[in-house]
Amino acid sequence: MIRKSEYQENLGRSLDLYTGRSLGGGSRINQMFYTRGLPAEYDAWAAAGRKGWSWEEFRPYFLKSEDAVGYGPIEGVHATAGEWKNRPLDRLYFRCFEQTLRGVEKLGLPYIPDINSPTHPPFGCGRVFFTIDKNSHRSSTFHAFLPASLALKRKSNLHICTDTLVERLVLESLPDGTSVVRGVQMISGGGRKTVKVEQEVIMSAGPLANPQILMLSGIGPAEHLKDHDIKIMQDLPAVGSNLQDHLGVSIAWNIPMSDSLVSLQAKPWLFFIALFQYLIWGTGLLLVPVSQLFLFLHTKILDESGTPVKASKAFSEPIPDVEIMPMAYDSSDQPFPKTKGVYSLLNCLLRPKSHGTVRLTSSDPNAPLSIDLRYLSDPKDITPLRASLKFSLRLRDKMREQGYKLVDWQVPASESDEDLDRFIQHSNRNRTTYHYSSTCRMAPEHDPMGGGVVDDELKVYGVTNLRVADSSIFPWIPATHLQAPTVAVAEKCADMLRMKA
Ligand SMILES: Cc1cc2nc3c(=O)[nH]c(=O)nc-3n(C[C@H](O)[C@H](O)[C@H](O)COP(=O)(O)OP(=O)(O)OC[C@H]3O[C@@H](n4cnc5c(N)ncnc54)[C@H](O)[C@@H]3O)c2cc1C
């Protein structure tokens, strides 16, 4: 599903926001990158008071559903008994990736053999692990956790409604001021239905739709609900607040066509050969991803020119602040001519300080949402992006020194702050990375960041039988790709329910 964001003042445009509208949600359409983030990420949640969410407590839930295909098990790091598959590819498919790896090493950054190992430093380059099976086919959460055999086995107590839109929860006020969910109202099979709730409701509609459903049910910022004539059941200002994403900025060069995935579009005969290979042998270029390397950095290790100078294990920042994704294709969201090969580096801000909002435009569940990411609204957010772009240019220099021809195509006019800022903000090279997060954050109901929506057991404040379990509950956006932490949240929620039963 594509939604338009509100006009982004600091980018000079609005962006197209994508989410997966299917069983399995985003995991049906995402890039399949599998990363967990470093232990310090979750230890910071624990330090902020989240009981049960330190790395050591959360770690088992990454392993519980993992099937590390062909490279596990590794005690405490990777498991093979779970349902959800991930693995790296056997080799780098394009010369531009080999050159990237050499260039990064020459810049003094370490190679990270396993990006999901809890002991790697917050900077370095490693191969991508994908949520794919041994045949390189997508292992979505739908295929992993809801195979037809399981759905059939459990059909007496599992009812799956497809083509269904949940509109709101039916709540009843209790004398003590709390509420209880009595039903879930939905449009299904062409008609409106209300499903009766006997125990609990677990919401997993994602960071954009969860706040919409909550607000339509009367749970959210009171003033906003009043504006839409919605009866207030719980005044929870944090609902739909604290929206975050990893803003990306793409810098790009022309390279030989044969080194780039653009070749599939530029040369129809190559596409047909690839299609043939795929249909007959299940192999070929159609299975090759746009990116095969991850590059994580803390920009404090860089000097003024963007060159790493402090890449030692003793470095004190435990969490990276940028990720750079090398791609054998353009990584902006703009159309581009398919006449030359393209290599790009997508510079992603991993620890944004800016926060946006999800708000209703109407009390009609089908009305579009007002989604304002407020990218770069905190001026501090631009500093790591500038440094990251400079690092990208130093990587370009190293690759050129190695003899790899990179022709400047979409690069900043110079390395002055003004030109870097112009490139970041006003060149159409910025984009969403689809990592929406934290609109129902797990935090105390009132805290300096605007408060929380759910407690440490994922229960919505003021409602006795309602939990949220997905990427909307992160206290702040994790400095990593979101699908693995989201599944771990779901696993932990399942355990909470099991313990209660
Ligand atoms: C194009 C793209 C590429 C990405 N690439 C990566 C990647 O490579 N690696 C990575 O880790 N992350 C990636 N992500 C992000 C990752 O997929 C998401 O963070 C993750 O899917 C979030 O999971 P979720 O369960 O919170 O929400 P979602 O996956 O959005 O799931 C929400 C579900 O709720 C359903 N729903 C919503 N509203 C309603 C309603 N009113 N009634 C009924 N059902 C409803 C939706 O149909 C969907 O099934 C990508 C995302 C996108 C869109």
In the chain, with Lys and Arg counted as +1 and Asp and Glu as -1 at Cβ, which of these residues, Leu15, Trp253, Pro147, has the Cα nearest the positive end of the dipole, that is, farthest along it?
Pro147
In Å², and per residue, what accessible area does the chain have when probed at 1.4 Å with the other protein chains present?
43 Å²
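Assuming 1.306 mPa s and 10 °C, estimate D for the range 363-501 with Stokes-Einstein, Rh taken as the Kirkwood radius over Cα pairs, in µm²/s. Write out the running numbers ahead of the final one.
Numbers: Rh = 18.8 Å.
It diffuses with D of about 85 µm²/s by this estimate.
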Report, in degrees rounded to the nearest 10, the 0 to 90 angle that the Cα long axis of helix 483-500 makes with the longest principal axis of the chain.
30 degrees
Towards the positive end of the charge dipole of the chain, with charges on Cβ (+1 Lys, Arg; -1 Asp, Glu), say which of Gly282, Met325, Thr361 has the farthest Cα.
Gly282
Might you report the magnitude of the Cβ-based charge dipole of the range 213-294 about its Cα centre, with Lys and Arg at +1 and Asp and Glu at -1, to the nearest 20 debye?
360 debye
Would you kindly find the accessible area of Leu225, with a 1.4 Å probe and non-protein molecules such as ligands, DNA and RNA excluded, rounding to the nearest 10 Å²?
0 Å²
Keeping all protein chains in position, work out how much accessible area Ser258 exposes to a 1.4 Å probe, and write it in Å² to the nearest 10.
90 Å²
With both partners inside the chain, how many of the DSSP beta bridges are antiparallel, as a percent to the nearest 5?
85 percent
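Quick one: dipole size for the chain, taken about the Cα centre, charges +1 on Lys/Arg Cβ and -1 on Asp/Glu Cβ, in debye to the nearest 20. Working shown, then result.
Details: 56 positive and 55 negative charges, 289 e Å.
Charge dipole, the chain, about its Cα centre: 1400 debye, nearest 20.
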Go through the range 419-425 residue by residue and turn each phi into a ³J(HN,Hα) via Karplus (6.51, -1.76, 1.60, θ = phi - 60°); whole Hz please, and just put x for glycine and proline.
5, 5, 5, 4, 5, 5, 9
Relative to the longest principal Cα axis of the chain, at what angle does helix 95-106 sit, 0 to 90 degrees, rounded to 10?
90 degrees
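Using the 2.2 N^0.38 Å rule of thumb for compact globular proteins, work out how the range 294-351 stacks up: its C-alpha Rg over that value, please. Walk me through the numbers before you get to the answer.
Details: Rg = 14.6 Å, N = 58, 2.2 N^0.38 = 10.3 Å.
Cα Rg divided by the expected 2.2 N^0.38 Å: 1.42.
Would you kindly state how much longer the chain becomes between Tyr71 and Ser258 on full extension, computed as 0.36 nm times their sequence separation minus their alpha carbon distance, in nm to one decimal? Write down the numbers at each step before the final one.
On the way: separation 187, 0.36 × 187 = 67.32 nm, distance 3.04 nm.
Using 0.36 nm per residue and subtracting the Cα-Cα distance, I get 64.3 nm.
How long is the gain from His137 to Ser363 if the chain were fully straight, where each residue apart is worth 0.36 nm and the alpha carbon distance is subtracted? Spell out each step's value before the answer.
Values: separation 226, 0.36 × 226 = 81.36 nm, distance 4.06 nm.
Taking 0.36 nm per residue and subtracting the Cα distance, the gain is 77.3 nm.
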Using only protein heavy atoms and a 1.4 Å probe, report how much of Arg400 is accessible, in Å² to the nearest 10.
90 Å²
Charge dipole (debye, nearest 20) of the range 1-82; +1 at Cβ of Lys and Arg, -1 at Cβ of Asp and Glu:
380 debye
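Given the rule -39500 (n - 2.57) for each run of at least 4 DSSP H residues, summed and divided by the residues of the chain, what is its mean residue ellipticity at 222 nm, to the nearest 500 deg cm²/dmol? Can you show the working numbers first?
Values: 12 runs with 126 residues, N = 501.
That comes out to -7500 deg cm²/dmol.
Only loop residues by DSSP count here, and only those with at most 14 other Cβ atoms within 10 Å; note down the GluC sites (Glu not before Pro) in the range 23-76 that meet that.
Details: sites: Glu41, Glu56, Glu57, Glu66, Glu75; in loops: Glu75.
When the GluC sites (Glu not before Pro) of the range 23-76 are filtered for loop state and at most 14 Cβ neighbours within 10 Å, Glu75 remain.
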At 7 Å along the Cα-to-beta-carbon direction for both Ser117 and Thr164, put a label point, then send me their distance in nm to one decimal.
4.5 nm
Give me the distance in nm between label points sitting 7 Å out from Cα along the Cα-to-Cβ direction at Asp397 and Ala151, one decimal.
5.5 nm
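The values are calculated or read from the model by the stated rules, or taken from the named source; none is laboratory data. Source: prediction; values computed, not measured. Glycine gets a Cβ as well: all are built from the backbone with ideal geometry, and neighbour counts include every protein chain shown. To get the accessible areas, we keep the full protein, side chains included, count just its heavy atoms, and leave off ligands, DNA and RNA. Shrake-Rupley method; radii C 1.70, N 1.55, O 1.52, S 1.80 Å.
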